[in-house]
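Reading through the structure tokens given below for one structure.
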Amino acid sequence: MKLSTKHLLGIKDLTKEDIQLILSTAEQFKEVLQRPVKKVPSLRDITIVNLFYENSTRTRMSFELAERRLSADVLNFTASSSSAAKGETLLDTVNNILSMKVDMVVMRHSASGAPHFLAKHIPAAIVNAGDGINEHPTQALLDAFSMRERLGRLEGLKVAIIGDIMHSRVALSNMYLLRKMGAEILVAGPPTLIPKYISEALGVRVTYNLQEALKWCDVANVLRIQLERQNQPLFSSLREYNLAYGIKRKMLERLGKDIVIMHPGPINRGVELDSDVADGPYSIILNQVENGVAVRMAALYLLAGRES
């Protein structure tokens with residue numbers, strides 16, 4: 001089987017069958033990663049450039065490790081230490097890189113739509129590693145993989161996405177994916193951090209009450225407060241946010257049921273999650289990090305035209 005698309009620009013563009021194919025291929029690669037020799041020659045003839053115009057640690061390392069595990073040739077580009085800092089345009093930068101015969105571009109950019117712009121102008125396959133406040137498709141795929149691994153299914157799952165919905169590309173990609181796979185979604189957080197028309201636009205439930213969200217859900221996917229994306233104060237203080245929306249161990253113990261805690265990272269400890277929740281038995285946060293490599297291996301492998 002092959003993907004229905006040449007690029008991975010967003011979950012919005014994937015079919016349900018594409019998502020299932022990526023997740024099932026990731027299962028095979030996760031088995032590879034458990035072996036003593038974790039490298040396979042699947043992309044030995046492929047050159048991939050990691051084009052990061054925005055700071056990243058987890059996503060960039062995860063992609064680079066996935067590429068090297070697949071035996072691809074890897075080029076790393078950081079905007080702050082390149083000609084982009086001297087005013088070179090995005091298209092000029094990429095055309096210069098493509099003249100080096102690059103097959104695939106993994107791109108993170110602060111401008112929503114930047115990967116879509118590239119996909120219209122260059123022949124290489126484009127992977128969106130996060131664009132502005134639009135999408136972060138591989139994060140949603142690894143989140144889905146982690147949920148399915150822990151709970152055995154996606155269809156019918158009740159997933160609460162909690163926190164800074166307004167500025168989160170992770171939230172949007174998760175909502176697209178979970179709806180396609182038959183899960184129920186509720187978003188929770190302060191009214192100032194939840195877009196006004198999200199319920200009608202995306203078919204999700206909304207609550208401003210954390211306890212209500214936790215009582216309802218099977219999975220709580222907790223988002224980082226993105227202060228760097230907020231142009232004005234949207235809540236009184238981080239301490240006040242923690243009092244109203246921070247998840248604490250006692251809160252989970254009082255639920256009378258087990259729920260799964262997830263977080264895309266990096267965690268603001270003591271803000272959205274207390275440390276004994278992030279590191280406790282409810283959390284699968286480190287599983288998400290591990291699964292990210294397998295999922296990104298699957299996406300790169302399939303986009304390179306390899307059949308699963």
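Every number here is computed from the coordinates shown, using simple stated rules; none is lab data. If you're wondering where the values come from, they're calculated on a predicted model, not measured in any experiment. Virtual Cβ from ideal backbone geometry, glycine too; neighbours counted across all protein chains shown.
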Projected label distance in nm at Gln20 and Ala111, using a 7 Å step from Cα toward the beta-carbon: 3.8
- request: Would you tally the net charge around Val204, using a Cβ to Cβ cut-off of less than 12 Å, leaving Val204 out, and scoring K and R as +1, D and E as -1?
  value: +1
- request: Please give the calculated 222 nm ellipticity per residue for the chain, where each DSSP H segment of at least 4 residues contributes -39500 (n - 2.57) and the sum is spread over every residue; nearest 500 deg cm²/dmol?
  value: -11500 deg cm²/dmol
query: Distance in nm between label sites at Arg205 and Glu88, each 7 Å beyond Cα in the beta-carbon direction?
result: 5.1
- line: Output row, site Val37, 7 Å Cα→C-beta label point, backbone N cut-off 17 Å, window segment 57-81, residues 68-72
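Find out how many positive minus negative residues lie around Met175, taking Lys and Arg as positive, Asp and Glu as negative, among other residues whose Cβ is under 15 Å from that of Met175.
Working: positive: Lys12, Lys16, Lys158, Arg169, Arg179, Lys180, Arg205; negative: Asp13, Glu135, Asp143, Asp164, Glu184, Glu200.
Surrounding charge for Met175 is +1.
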- prompt: Tell me which lysines have Cα within less than 19 Å of Lys38's Cα, excluding those fewer than 8 residues away on the same chain?
  reply: Lys30
Cα gyration tensor shape of segment 137-288, rounded if a/c is under 1.5, else prolate or oblate by comparing a/b with b/c: rounded
task: Would you mind classifying segment 29-108 by shape? Square roots of the alpha carbon gyration tensor eigenvalues, ordered a ≥ b ≥ c; an a/c under 1.5 is rounded, otherwise it is prolate if a/b is larger than b/c and oblate if not.
output: oblate
- request: Evaluate E = 1/(1 + (r/R0)^6) for Lys196 and Asp45, where r is the Cβ-Cβ distance and R0 equals 45 Å; express this FRET efficiency to the nearest 0.05.
  value: 0.35
message: Can you return the lysines within cross-link range of Lys215? Criterion is Cα-Cα under 25 Å, with same-chain partners fewer than 8 residues away left out.
response: Lys158, Lys180, Lys196, Lys248, Lys250, Lys257
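What is the extension gain from Lys215 to Asn95, computed as 0.36 nm multiplied by their sequence separation minus the C-alpha to C-alpha distance, in nm to one decimal?
38.1 nm
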message: Expected output is a single nm value to one decimal: the length gained when fully extending between Leu75 and Arg150, i.e. 0.36 nm times separation in residues minus the C-alpha distance. What is it?
response: 23.6 nm
field: Asp258 versus Met61: modelled label distance in nm, points set 7 Å from Cα along the beta carbon direction
entry: 2.8
field: Note, ³J(HN,Hα) from phi for segment 195-207, Karplus 6.51, -1.76, 1.60, rounded to Hz, x at Gly and Pro
entry: x, 4, 9, 5, 4, 5, 6, 10, x, 10, 7, 10, 9
